[in-house]
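Notes for the one structure printed next.
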Amino acid sequence: MQVIRLPALSHNYIFLLWDNIRSIAAVIDPAVAQPVLAKLHELNAELVAIFNTHHHSDHVGGNHELIREFPNLIVYAGAEDKGRIPGQKVFLHEGDRVTFGSSTGEVLFVPGHTRAHIAYYFPEMTTDEGGELFCGDTLFAGGCGRLFEGTPAQMVDSLSKIRALPDNTRVWCAHEYTLKNLQFALSVDGDNEVLKNRYTEVRSSRNMGEATVPSMLGIEKSTNPFLRWDIPALQIAAKSSDKQSLTPRAYHIQTFARLRGMRDQF
């Protein structure tokens, strides 16, 4: 399985999964159809599946047109998004499996950005390779999604599932927000040398017009404030209440919620 990144709209990424042996493809969150159709034509590949992470229009906007072109394809999405995903045929729950070619992915239920958000995790095929995480708008490079339908507690639980994956997992998030996210991260975690170095590298990449997605989960764990709610420096930056008066879980949720609120105003 090869992953092809397709830019769309102003800062979206669509991900095309390509099996060149079988000449088939699947697509993650087709915001629009045109770049997908163009790449399929170039590859001479048949589209067999759409894997949607959530219902927002910039993730499902291409569904109808792709279904018209490939009427036998199957649309997968979360069970709790029933009625909100164009053409949905398979309704997925936590722990379900999806297959594409010879690859099998696990479904993670990761509400927070929306109430029904899911992610797809394809584990590494060999010990030399990392897995592939298609996380929609739950985790971004250097950040996380806004809370539109979910709660801070849900998002912490969702991000905890992602944080538990191997460090060499590639994070295929759906938007190019990395530079702004890292600018915010530096405002709350400015003594983090790994973060400073990452910001310098990302700024250089963006100045040259290069994409910063995928990122590696290991670097996210070291630099992304929304995976670091249990780090004292971030708790101080968030001005969390005295943790002696709260359970550790409540304290972490409060830290995350305050950081998310700060990012909303950044």
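Below is a table of values for the structure above.
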{"quantity": "Length gained when the stretch residue 208-residue 151 is fully extended (0.36 nm per residue, less Cα-Cα span)", "calculated": "16.8 nm"}
{"quantity": "DSSP-assigned coil residues among GluC sites (Glu not before Pro) in the range 191-233, each with at most 16 further Cβ atoms within 10 Å", "calculated": "210"}
{"quantity": "Charge dipole (debye, nearest 20) of the range 87-132; +1 at Cβ of Lys and Arg, -1 at Cβ of Asp and Glu", "calculated": "380 debye"}
{"quantity": "Computed E for residue 160/residue 34 - FRET, C-beta separation, R0 51 angstrom, nearest 0.05", "calculated": "0.85"}
{"quantity": "The range 30-93 versus the range 244-261: alpha-carbon centroid distance in Å", "calculated": "37 Å"}
{"quantity": "Test item: Cα-centred dipole of the range 135-266, Lys/Arg +1 and Asp/Glu -1 on Cβ, debye", "calculated": "140 debye"}
{"quantity": "Magnitude of the charge dipole, the range 199-266, Cβ model with Lys/Arg +1 and Asp/Glu -1, debye to 20", "calculated": "180 debye"}
{"quantity": "Which of 131, 112, 62, positive extreme of dipole for the chain (C-beta unit charges)", "calculated": "112"}
{"quantity": "Exposure proxy ranking, count of Cβ atoms within 10 Å, fewest first, for 27, 90", "calculated": "90, 27"}
{"quantity": "Length added when fully stretched, residue 115-residue 196, from 0.36 nm per residue minus Cα-Cα", "calculated": "25.8 nm"}
{"quantity": "Charge context of residue 29, other residues only, Cβ under 15 angstrom, K/R +1, D/E -1", "calculated": "-3"}
{"quantity": "Packing rank of 62-68, 46-52, where each peptide gets the mean count of other beta carbons within 10 Å, highest leading", "calculated": "46-52, 62-68"}
{"quantity": "Environment charge at residue 241 (Cβ cut-off 14 Å; Lys +1, Arg +1, Asp -1, Glu -1)", "calculated": "+3"}
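Readers should treat all values here as calculations from the given coordinates under stated rules, not as data from a laboratory. All values derive from a computational prediction rather than experimental measurement. Ideal geometry is used to build each Cβ from the backbone, glycine not excepted, and the neighbour counts take in all protein chains shown.
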